[in-house]
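*Asks:* Just dropping this structure here.
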Amino acid sequence: DSHLSPEVKKIIAEKFNINSLADVATWADRTRKKRKEEGPWHYTNIAEGQWTYNVARDCPDKACVTEKIQEFSDILVDPLISLSERKDALKFLVHFIGDVHQPLHLGNKKDRGGGTLRFRYRGKEVSLHFLWDGGLIEWGGERLVSYAVRLSGKVSGVEVLNWSQSTVSDWANESRSLALKVAYNVGKEGFSKTYIKRGREIINLRLTQAGVRLAHRLNTLLTVAQ
(Lines give C-alpha, C1' and ligand atoms only; values in the text may rest on other atoms or scores of the structure.)
Protein backbone atom coordinates (compact mmCIF):
# COMPACT_ATOMS: atom_id res chain seq x y z
CA ASP A 1 0.00 0.00 0.00
CA SER A 2 2.76 2.45 0.89
CA HIS A 3 4.33 2.09 -2.56
CA LEU A 4 1.11 2.74 -4.50
CA SER A 5 0.80 6.14 -6.14
CA PRO A 6 -1.96 8.36 -4.66
CA GLU A 7 -3.77 8.19 -8.00
CA VAL A 8 -3.76 4.40 -8.13
CA LYS A 9 -4.67 4.09 -4.46
CA LYS A 10 -7.71 6.27 -5.20
CA ILE A 11 -8.69 4.14 -8.21
CA ILE A 12 -8.45 0.94 -6.16
CA ALA A 13 -10.61 2.45 -3.40
CA GLU A 14 -13.23 4.14 -5.56
CA LYS A 15 -13.53 1.79 -8.53
CA PHE A 16 -12.93 -1.54 -6.80
CA ASN A 17 -14.01 -0.67 -3.25
CA ILE A 18 -10.73 -1.92 -1.78
CA ASN A 19 -9.24 0.37 0.87
CA SER A 20 -6.22 -1.79 1.67
CA LEU A 21 -4.56 -4.53 -0.40
CA ALA A 22 -4.07 -6.45 2.84
CA ASP A 23 -7.85 -6.81 3.13
CA VAL A 24 -7.96 -8.99 0.00
CA ALA A 25 -4.56 -10.69 0.25
CA THR A 26 -5.90 -14.10 1.36
CA TRP A 27 -9.07 -14.06 -0.77
CA ALA A 28 -7.52 -16.37 -3.40
CA ASP A 29 -6.78 -19.01 -0.76
CA ARG A 30 -10.41 -18.96 0.34
CA THR A 31 -11.77 -19.35 -3.21
CA ARG A 32 -9.35 -22.20 -3.86
CA LYS A 33 -11.12 -24.28 -1.21
CA LYS A 34 -14.38 -23.94 -3.14
CA ARG A 35 -12.94 -24.18 -6.67
CA LYS A 36 -10.39 -26.98 -6.76
CA GLU A 37 -9.25 -26.16 -10.30
CA GLU A 38 -7.61 -23.00 -8.90
CA GLY A 39 -5.15 -24.97 -6.75
CA PRO A 40 -2.38 -25.20 -9.38
CA TRP A 41 -2.63 -21.45 -10.02
CA HIS A 42 -0.74 -20.75 -6.79
CA TYR A 43 2.59 -22.34 -7.73
CA THR A 44 4.78 -23.51 -10.59
CA ASN A 45 6.60 -26.83 -10.44
CA ILE A 46 10.00 -26.59 -12.10
CA ALA A 47 11.36 -29.73 -13.74
CA GLU A 48 13.61 -31.71 -11.45
CA GLY A 49 17.21 -30.54 -11.60
CA GLN A 50 16.37 -27.34 -13.51
CA TRP A 51 17.21 -23.91 -12.10
CA THR A 52 15.15 -21.64 -14.35
CA TYR A 53 11.52 -21.39 -15.42
CA ASN A 54 10.57 -22.49 -18.93
CA VAL A 55 6.92 -22.00 -19.81
CA ALA A 56 6.78 -24.69 -22.53
CA ARG A 57 8.29 -27.26 -20.18
CA ASP A 58 6.92 -26.18 -16.78
CA CYS A 59 3.52 -24.64 -17.54
CA PRO A 60 2.28 -25.63 -21.01
CA ASP A 61 -1.39 -25.33 -19.98
CA LYS A 62 -0.79 -21.83 -18.51
CA ALA A 63 -2.47 -22.93 -15.25
CA CYS A 64 0.35 -21.93 -12.90
CA VAL A 65 1.23 -18.87 -10.85
CA THR A 66 3.72 -17.38 -13.31
CA GLU A 67 1.28 -17.39 -16.22
CA LYS A 68 -1.78 -16.46 -14.15
CA ILE A 69 -0.06 -13.22 -13.11
CA GLN A 70 0.09 -12.16 -16.74
CA GLU A 71 -3.44 -13.38 -17.46
CA PHE A 72 -4.96 -11.42 -14.59
CA SER A 73 -2.84 -8.37 -15.43
CA ASP A 74 -4.45 -8.39 -18.88
CA ILE A 75 -7.95 -8.82 -17.43
CA LEU A 76 -7.45 -5.96 -14.97
CA VAL A 77 -6.91 -3.42 -17.75
CA ASP A 78 -9.48 -4.72 -20.24
CA PRO A 79 -12.41 -2.22 -20.38
CA LEU A 80 -14.60 -4.80 -22.15
CA ILE A 81 -14.50 -7.09 -19.11
CA SER A 82 -16.97 -6.56 -16.27
CA LEU A 83 -15.91 -4.58 -13.21
CA SER A 84 -16.59 -7.61 -11.02
CA GLU A 85 -14.20 -9.79 -13.02
CA ARG A 86 -11.59 -7.06 -13.04
CA LYS A 87 -11.86 -6.75 -9.27
CA ASP A 88 -11.32 -10.50 -8.93
CA ALA A 89 -8.28 -10.17 -11.20
CA LEU A 90 -6.88 -7.50 -8.89
CA LYS A 91 -7.40 -9.73 -5.86
CA PHE A 92 -5.72 -12.65 -7.62
CA LEU A 93 -2.73 -10.44 -8.49
CA VAL A 94 -2.30 -9.34 -4.89
CA HIS A 95 -2.10 -12.97 -3.80
CA PHE A 96 -0.18 -14.49 -6.71
CA ILE A 97 2.61 -11.91 -6.73
CA GLY A 98 3.14 -12.89 -3.11
CA ASP A 99 3.04 -16.59 -3.98
CA VAL A 100 5.63 -16.38 -6.75
CA HIS A 101 8.08 -14.80 -4.29
CA GLN A 102 7.81 -17.74 -1.86
CA PRO A 103 10.77 -19.98 -2.82
CA LEU A 104 8.91 -23.26 -2.39
CA HIS A 105 6.11 -22.14 -4.70
CA LEU A 106 8.80 -22.78 -7.33
CA GLY A 107 9.67 -26.15 -5.83
CA ASN A 108 9.72 -29.77 -6.95
CA LYS A 109 6.62 -31.68 -7.96
CA LYS A 110 7.69 -34.88 -6.21
CA ASP A 111 7.47 -33.27 -2.75
CA ARG A 112 4.74 -30.73 -3.60
CA GLY A 113 7.02 -27.77 -3.00
CA GLY A 114 8.20 -29.13 0.33
CA GLY A 115 4.65 -29.95 1.40
CA THR A 116 5.39 -33.64 1.97
CA LEU A 117 8.74 -33.04 3.71
CA ARG A 118 8.15 -33.12 7.48
CA PHE A 119 10.46 -31.85 10.19
CA ARG A 120 10.38 -31.14 13.91
CA TYR A 121 10.32 -27.42 14.65
CA ARG A 122 9.73 -25.99 18.12
CA GLY A 123 8.28 -29.22 19.36
CA LYS A 124 5.88 -29.75 16.48
CA GLU A 125 6.05 -31.72 13.24
CA VAL A 126 5.44 -29.35 10.34
CA SER A 127 6.01 -29.30 6.59
CA LEU A 128 8.93 -27.50 5.04
CA HIS A 129 6.43 -25.57 2.92
CA PHE A 130 4.62 -24.31 6.03
CA LEU A 131 7.86 -22.95 7.45
CA TRP A 132 8.62 -21.00 4.28
CA ASP A 133 5.04 -19.74 4.12
CA GLY A 134 5.86 -17.81 7.29
CA GLY A 135 6.29 -20.42 9.99
CA LEU A 136 9.95 -19.43 10.38
CA ILE A 137 9.11 -15.81 11.18
CA GLU A 138 9.88 -14.74 14.74
CA TRP A 139 6.79 -12.67 15.50
CA GLY A 140 7.42 -11.82 19.14
CA GLY A 141 3.90 -10.46 19.46
CA GLU A 142 4.34 -7.99 16.62
CA ARG A 143 1.21 -7.15 14.63
CA LEU A 144 1.16 -7.77 10.87
CA VAL A 145 0.78 -4.08 10.05
CA SER A 146 3.76 -2.99 12.15
CA TYR A 147 5.81 -5.87 10.71
CA ALA A 148 5.00 -4.71 7.17
CA VAL A 149 5.80 -1.10 8.02
CA ARG A 150 9.12 -2.16 9.51
CA LEU A 151 10.09 -4.14 6.41
CA SER A 152 9.01 -1.38 4.04
CA GLY A 153 10.95 1.20 6.02
CA LYS A 154 14.23 -0.56 5.25
CA VAL A 155 13.84 -0.34 1.47
CA SER A 156 16.04 2.15 -0.38
CA GLY A 157 15.07 4.08 -3.49
CA VAL A 158 17.70 2.21 -5.47
CA GLU A 159 16.24 -1.13 -4.41
CA VAL A 160 12.74 -0.03 -5.39
CA LEU A 161 14.01 0.99 -8.81
CA ASN A 162 15.99 -2.19 -9.39
CA TRP A 163 13.27 -4.54 -8.17
CA SER A 164 10.65 -2.76 -10.28
CA GLN A 165 12.60 -3.35 -13.50
CA SER A 166 12.37 -7.15 -13.26
CA THR A 167 9.91 -9.54 -14.92
CA VAL A 168 7.65 -12.29 -13.59
CA SER A 169 10.12 -14.86 -14.94
CA ASP A 170 12.88 -13.10 -13.00
CA TRP A 171 10.82 -13.39 -9.80
CA ALA A 172 10.22 -17.08 -10.49
CA ASN A 173 13.90 -17.74 -11.15
CA GLU A 174 14.91 -15.92 -7.97
CA SER A 175 12.54 -18.13 -5.98
CA ARG A 176 13.74 -21.28 -7.72
CA SER A 177 17.34 -20.44 -6.93
CA LEU A 178 16.54 -19.77 -3.26
CA ALA A 179 14.56 -23.01 -3.07
CA LEU A 180 17.47 -25.10 -4.33
CA LYS A 181 20.27 -23.21 -2.59
CA VAL A 182 18.62 -22.65 0.78
CA ALA A 183 15.08 -23.90 1.43
CA TYR A 184 15.67 -27.54 0.48
CA ASN A 185 19.13 -27.55 2.04
CA VAL A 186 18.10 -28.86 5.45
CA GLY A 187 20.79 -30.82 7.26
CA LYS A 188 20.35 -34.39 8.47
CA GLU A 189 20.19 -33.08 12.01
CA GLY A 190 17.33 -30.75 11.12
CA PHE A 191 17.28 -26.97 11.25
CA SER A 192 20.53 -25.34 12.29
CA LYS A 193 20.63 -21.83 13.76
CA THR A 194 22.28 -20.70 10.53
CA TYR A 195 19.44 -22.17 8.45
CA ILE A 196 16.76 -20.52 10.57
CA LYS A 197 18.51 -17.14 10.55
CA ARG A 198 19.04 -17.25 6.80
CA GLY A 199 15.48 -18.42 6.22
CA ARG A 200 14.07 -15.48 8.15
CA GLU A 201 16.26 -13.05 6.24
CA ILE A 202 15.09 -14.47 2.91
CA ILE A 203 11.41 -14.44 3.90
CA ASN A 204 11.72 -10.79 4.94
CA LEU A 205 13.44 -9.94 1.67
CA ARG A 206 10.93 -11.79 -0.50
CA LEU A 207 7.93 -10.24 1.26
CA THR A 208 9.46 -6.80 0.77
CA GLN A 209 10.26 -7.41 -2.89
CA ALA A 210 6.76 -8.77 -3.48
CA GLY A 211 5.21 -5.64 -1.98
CA VAL A 212 7.33 -3.29 -4.04
CA ARG A 213 6.76 -5.24 -7.26
CA LEU A 214 3.02 -5.60 -6.68
CA ALA A 215 2.72 -1.84 -6.19
CA HIS A 216 4.80 -1.13 -9.28
CA ARG A 217 2.68 -3.47 -11.42
CA LEU A 218 -0.57 -1.92 -10.18
CA ASN A 219 0.80 1.60 -10.58
CA THR A 220 1.74 0.77 -14.16
CA LEU A 221 -1.40 -1.14 -15.13
CA LEU A 222 -3.99 1.11 -13.56
CA THR A 223 -2.34 4.36 -14.67
CA VAL A 224 -2.22 3.11 -18.27
CA ALA A 225 -5.77 1.72 -18.05
CA GLN A 226 -7.17 5.14 -17.24
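The values are calculated or read from the model by the stated rules, or taken from the named source; none is laboratory data. Given the structure is predicted, the values throughout are model-derived calculations rather than measurements. As a convention, Cβ positions derive from the backbone with ideal geometry for all residues, glycine included, and neighbour counts pool all protein chains shown. In case anyone asks, the SASA skips ligands and DNA or RNA and just uses the protein heavy atoms, side chains included. Shrake-Rupley method; radii C 1.70, N 1.55, O 1.52, S 1.80 Å.
*Asks:* Mind checking the per residue accessible area of region 76-170 for me, 1.4 Å probe, whole number of Å²?
*Replies:* On a per-residue basis, 54 Å².
*Asks:* While we're looking at this one, here's another question. What percentage of the solvent-accessible surface of the chain, computed with a 1.4 Å probe over protein heavy atoms, is contributed by carbon and sulfur atoms?
*Replies:* Answer for the chain is 54 percent, counting heavy atoms of protein chains only.
*Asks:* Using Cα-Cα distances under 8 Å and only pairs 6 or more residues apart, what relative contact order does region 1-142 have, in percent?
*Replies:* Relative contact order comes out at 20 percent.
*Asks:* Which loop GluC sites (Glu not before Pro) in region 131-202, with loop taken from DSSP, have no more than 16 other Cβ atoms within 10 angstrom of their Cβ?
*Replies:* Listed in order of number, the matching sites are 138, 142, 189.
*Asks:* Name the residue from 75, 8, 94 whose Cα lies farthest towards the positive end of the charge dipole of region 1-157, charges +1 on Cβ of Lys and Arg and -1 on Cβ of Asp and Glu.
*Replies:* Farthest along the dipole direction, towards plus: 94.
*Asks:* Alpha carbon centre of region 12-49 versus region 189-220: separation in Å?
*Replies:* If you average the Cα positions of each part, the centres end up 18 Å apart.
*Asks:* Looking at region 175-224, which trypsin sites (Lys or Arg not before Pro) are in a loop (DSSP not H, G, I, E or B) and have at most 16 other Cβ atoms within 10 Å?
*Replies:* Qualifying residues, ordered by number: 188.
*Asks:* Using label points projected 7 Å from each Cα along Cα→Cβ, tell me how many nm separate residue 197 and residue 26, to one decimal.
*Replies:* Simple spin-label model gives 3.1 nm for this pair.
*Asks:* Using the Cα atoms of the chain to build a convex hull, what is its mean projected area in square nanometres?
*Replies:* Averaging across all directions leaves 13.2 nm² for the Cα convex hull.
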